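Comments concern the structure below.
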Amino acid sequence: MPGRPIGLGEGIALRSGGRVFTTDRARPEAALDKDRIRAFAEQVYEDMAGTMTIGMAYVGVETGLFRAMAGKGAMRPDEVAAASGLQPRYVEEWLNGVTTAGYLKYEPESGTFTLPDEHAYLLASEGTDHFMGGLFHFAPVALRVAPRVAEAFRSGGGVGFEEFGPDCVAALDLINAGQYEQRLGGYWMEALPEAAARLAQGGRALDFGCGVGRVAMAIARAYPSCTVVGLDPDAESIRQARLAAQEVGLGEQIEFVAESSATYRDPQGFDLIAARDCIHDFAAPEQTMTEIRALLRPGGTLFVLEPRAGDRLEDNIHALGTVYYGFSLFHCVTQSLAAGGPGLGTCMGPARTTDLLRRSGFNKVEPLNIRSQTHLFYAACA
């Protein structure tokens with residue numbers, strides 16, 4: 001075990017990594033609720049199991065194992081290895097592990113494993129708006145910086161976005177690509193009829209914090225007559241966005257710019273600006289939102305997506321809330337604090353989002369009736 005008792009007195013001393021930690025007992029051990037201790041110990045095991053499951057699921061997505069099993073019914077380990085082209089012993093251990101996690105169905109009599117169609121719908125469906133496998137790719141990115149975030153607890157600062165590396169850009173894209181490509185140009189834009197009409201007539205759109213350009217490309221496809229600009233300070237994201245646009249024949253319609261709102265200028269302005277999953281990351285939120293507002297044409301619309309989180313902690317005590325606070329601690333808050341920002345966090349909530357927009361000069365802010373399990377949507381006008 002990584003930690004072991006080394007002495008007893010008024011507290012319990014544990015040795016871990018060469019350091020000794022002493023925990024004072026708040027009350028005598030005899031007064032502790034043993035059932036509660038056992039229940040919490042089981043929760044810790046379950047949480048650790050979840051962490052291991054994410055790692056195994058990452059392997060399943062990255063190597064194509066889920067795709068190899070999708071729609072195939074019951075398969076023996078050697079059949080899965082053959083279908084995937086992977087090493088049999090690794091495949092066998094992976095099958096056992098994800099079975100214990102409930103991802104596969106196992107038949108002891110035949111020794112076969114099945115990926116249920118309902119699970120394949122979420123795990124072997126890259127490029128769709130219901131694919132969940134991107135979450136597995138973000139977990140290693142986030143946990144890799146855990147030691148640095150822990151150090152920032154002591155010394156301050158944080159981990160800047162550019163320090164997460166190209167695999168962070170790829171993971172974020174894998175999480176969001178399907179819904180941006182399949183929902184934005186149709187269902188989501190139906191909630192913004194005035195902006196949609198402007199774009200259809202040759203208007204101009206800005207994808208702010210564009211990442212690898214999925215939203216910019218979705219807008220360009222939906223409105224072939226419009227002009228689209230993708231803006232992001234991360235040079236690696238812009239490099240990938242330019243390549244992706246060229247590959248699908250949209251390089252002439254979209255301009256990707258590696259700049260921030262503090263330096264970017266466009267005298268023509270925009271009819272629509274999309275800011276997706278980024279406002280809570282800003283190092284200077286009010287200043288940045290004010291700069292965004294200055295880029296809007298008269299009557300233009302800011303389209304905002306933020307995580308579906310409540311305003312109060314008690315509103316977020318559920319599985320998705322835990323995921324969001326983890327994302328926040330290991331990615332969103334730390335990159336803001338690294339740049340001297342306030343660290344608004346993933347669970348900023350609708351009240352603080354609306355307040356920030358209004359303080360930044362957006363006089364009209366309204367929530368949009370767009371159904372989503374993971375996001376809240378707003379339209380804001382100056």
Using only the Cα atoms, what convex hull volume per residue in Å³ does region 228-382 have? 130
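Over the chain, with the other protein chains present, what is the accessible area per residue in square angstrom, probe 1.4 angstrom? Before the final figure, lay out the partial values.
Details: 19800 Å² over 382 residues.
Per residue, the chain has 52 Å² of solvent-accessible surface.
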Expected output is a single nm value to one decimal: the length gained when fully extending between GLU126 and GLN246, i.e. 0.36 nm times separation in residues minus the C-alpha distance. What is it? 41.1 nm
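Between ALA146 and ASP311, what is the FRET efficiency for a Förster distance of 22 Å, r being their Cβ-Cβ separation, to the nearest 0.05?
Once rounded, the FRET efficiency stands at 0.20.
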State the three equivalent ellipsoid semi-axes of the chain, derived from the C-alpha gyration tensor as the square roots of 5 times its eigenvalues, in descending order and whole Å. 40, 30, 19
Near LYS105, which lysines are there with a Cα under 24 Å away, not counting those fewer than 8 places off in the same chain? LYS72
Extending each Cα 7 Å along its Cβ direction at ASP355 and SER372, get the distance between those two points in nm, one decimal. 2.2
Note down the nm distance, to one decimal, between modelled labels 7 Å out along Cα→Cβ at LYS364 and at ARG297. 1.6
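Of all beta bridges DSSP finds with both residues in the chain, what is the antiparallel percent, to the nearest 5?
Roughly 55 percent of the beta bridges in the chain run antiparallel, per DSSP.
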Kyte-Doolittle mean at least 1.6, axial Cα span of 30 Å or more - DSSP H helices of the chain: none
Which FRET efficiency value, to the nearest 0.05, do you get for ARG183 and ALA235 by plugging their Cβ-Cβ distance into 1/(1 + (r/R0)^6) with R0 = 22 Å? 0.20
Give the range of the longest stretch in the chain that excludes all trypsin sites (Lys or Arg not before Pro) found in loop regions by DSSP and having at most 10 other beta-carbon atoms within 10 Å. 1-264
Region 314-382: relative contact order from alpha carbon pairs under 8 Å, six or more residues apart, as a whole percent, is 20
Rounded to the nearest 20 debye, what is the charge dipole size of the chain about its Cα centre when +1 sits on each Lys and Arg Cβ and -1 on each Asp and Glu Cβ? 600
Computed from the beta carbon distance with a Förster radius of 56 Å, FRET efficiency for GLN201 and SER155 to the nearest 0.05 stands at 0.55
What do you get for Rg/Rh of region 154-211 when both radii come from the Cα atoms and Rh is the Kirkwood radius? 1.16
Taking 7 Å along the Cα-to-C-beta vector as the label spot, tell me the ARG38-ALA74 distance in nanometres, rounded to one decimal. 3.7
Where in region 41-58 does the label zone of ASN96 land, with the point 7 angstrom along Cα→C-beta and an amide N cut-off under 13 Å? none
In vacuum, with every alpha carbon of region 141-262 counted as one equal point scatterer, what does the Debye formula give for log10 I(q)/I(0) at q = 0.10, 0.13, 0.19 Å⁻¹? Two decimals, please. -0.37, -0.58, -1.00
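Once the Cα gyration tensor of region 299-382 is found, what semi-axes does its equivalent ellipsoid get, as square roots of 5 times the eigenvalues, in whole Å, sorted largest first?
23, 17, 10
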Expected 222 nm ellipticity per residue - DSSP helices of 4 or more, -39500 (n - 2.57), all of the chain, to 500: -13000 deg cm²/dmol
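May I ask for the longest run of the chain untouched by GluC sites (Glu not before Pro) that are loop-located per DSSP and have at most 15 neighbouring C-beta atoms (other than their own) within 10 Å?
Result, exposed sites excluded: 127-251.
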Per the 1.4 Å probe, what fraction of the accessible area of region 63-190, in percent, lies on carbon and sulfur atoms? 56
Considering just Cα atoms, how many Å³ per residue does the convex hull of region 65-217 enclose? 173
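The values are calculated or read from the model by the stated rules, or taken from the named source; none is laboratory data. In this text the structure is predicted, and so the values were computed from the model without any measurement. Heads up, the Cβs are rebuilt from the backbone with ideal geometry, glycines too, and the neighbour counts pull from every protein chain shown. Calculation scope for accessible area: heavy atoms of the full protein, side chains included, ligands and nucleic acids excluded. Shrake-Rupley method; radii C 1.70, N 1.55, O 1.52, S 1.80 Å.
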